[in-house]
């Protein structure tokens, strides 16, 4: 597994935390913020877990979780923008990074599946 990607997913998690800390306090932002922190930090945690997979099937399964969590983080960030809680320029770099991590993850899953055959 890539040390670069481990660092990149950790940096993503830290940026998500900083973003959520900027949110104004309110019921909606508290709930969405908690969801975003959960999914955004889960990307890196599950990537690390995948790097210790015991089999190709285990790797594919764990990377599937990374894929789901990255996509979910994008969803929560889009909701924050569309609800008016954040301006799009505040989340655009993070959404871009999440989409890149998502693409890398999907590619890794496809490669692992084809190597498994």
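Here are some notes:
- Test: residue in the stretch 88-108 that is over 15 Å from the mean Cα position of the chain (by Cα), closer than 30 Å to residue 26 by Cα and free of Cβ contacts under 8 Å to residues at least 24 places away in the same chain: yes
- Count of the stretch 14-34 residues which are buried (at least 17 other Cβ atoms within 10 Å of the Cβ) and part of a helix (DSSP H, G or I): 6
- Candidates in the stretch 77-89 are the residues that are surrounded by 12 or more Cβ atoms within 10 Å (Cβ to Cβ) and in contact with a helix residue (DSSP H, G or I) (Cβ under 7 Å, 6 or more places away or on another chain); of these, the one that is farthest from residue 32 (Cα to Cα) is 88.
- Selection status of residue 53, at negative phi, modelled with pLDDT under 95, surrounded by 12 or more Cβ atoms within 10 Å (Cβ to Cβ) and not in a helix (DSSP H, G or I): yes
The values are calculated or read from the model by the stated rules, or taken from the named source; none is laboratory data. Computed from a predicted structure; not experimentally measured. Positions of Cβ are generated from backbone atoms using ideal geometry, with glycine treated the same way; all protein chains shown enter the neighbour counts.
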